[in-house]
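Presented below is the structure to which this report refers.
The values are calculated or read from the model by the stated rules, or taken from the named source; none is laboratory data. The structure presented is a predicted model; accordingly, all values stated were derived computationally and were not measured. Here the Cβ is made from the backbone with ideal geometry for all residues, glycine too, and neighbour counts use every protein chain on show. Please note that ligands, DNA and RNA were not included when accessible areas were found on the heavy atoms of the full protein model with its side chains. Shrake-Rupley method; radii C 1.70, N 1.55, O 1.52, S 1.80 Å.
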Amino acid sequence: MNININAVPNELKTLIGTEEVDFIVKAKRRKPLSYSILLFVFSTFWLGISGTIGFLFLGPLFFGEEVHFKENGVAKVATLDNYDSLLMPAAILSFFMLIGIVILISAIVIFFQKGGYFVGTPSRLIQFRKGKATSTDWEQFNGTINTKSKGTSGNITFQLRTGKMRSRKNGPSQYVPSTISISGIDNLYSVEQKCRTRIKENDPTPANTSV
């Protein structure tokens, strides 16, 4: 639902100034729910694999048995009374477990993070959250807009003209555009249409008039 400008924080009203306002919405989430779920699934998978390897490797110690392994091609034997040789392998396993825990915590934090305000004007899209503002001119958007809706509410994701190259194991590097997401808003299609109109109006690419 569009919010009246008088209901937004004073810092945001000052930032808007005398600009014409197309819409003001407040996102329910900072990131789409699917993003949190993806991180949660990945972290669970990562921790499951790391934990399984750790148990298979170190498990015999908990049953009073020996652990046999090779280090730089040299056979090693470790027990609860002589575990010095296990310190490095255990540290590596702990590092991988820590990565999984960090990703899991990030997934939980992002899941509960509230979204900020988004303001559309004729020249830019303003993001405002916890006193921090970011303005993105419409000409920086490449025109690709993805929506995910449930009724008239849902998420909008915009692609920008900027981005970065992402390397791939089984192929050449791939260009991945930066994105801006507005997650959990009402009047989704109304906001989407206004944004699409402004992006076309501010498109810096010359129109192709050739026949």
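If the segment from Thr179 to Thr18 were pulled out straight at 0.36 nm per residue, it would be longer than the present Cα-Cα gap by 55.2 nm.
Quick one: which of Lys13/Lys164; Lys169/Lys200; Lys114/Lys150; Lys114/Lys164; Lys169/Lys194; Lys132/Lys164 span more than 29 angstrom between C-alpha atoms? Lys13/Lys164; Lys169/Lys200; Lys169/Lys194, as the Cα separations exceed 29 Å there.
For segment 1-55, with all protein chains in place and a probe radius of 1.4 Å, 65% of the accessible heavy-atom surface sits on carbon or sulfur. Packing order of peptides 9-19, 31-41, highest average first: 31-41, 9-19 (average count of other Cβ atoms within 10 Å over each peptide's residues).
Using θ = phi - 60° in the Karplus curve 6.51 cos²θ - 1.76 cosθ + 1.60, the 3J(HN,Hα) couplings for segment 6-19 round to 6, 9, 8, x, 4, 4, 5, 4, 5, 5, 5, x, 9, 5 Hz; x is entered for Gly and Pro. With all protein chains kept in place, the per residue accessible area of segment 139-211 amounts to 67 square angstrom at a probe of 1.4 angstrom. When +1 charges are put on Lys and Arg Cβ atoms and -1 charges on Asp and Glu Cβ atoms, the dipole computed for segment 80-209 relative to its Cα centre reaches about 400 debye. Shown for segment 101-169: the carbon plus sulfur share of the solvent-accessible area, taken with all protein chains present and a 1.4 angstrom probe, equals 54%. Per-residue extension of 0.36 nm, minus the Cα-Cα distance of Thr152 and Lys169, leaves a gain of 2.1 nm for this segment.
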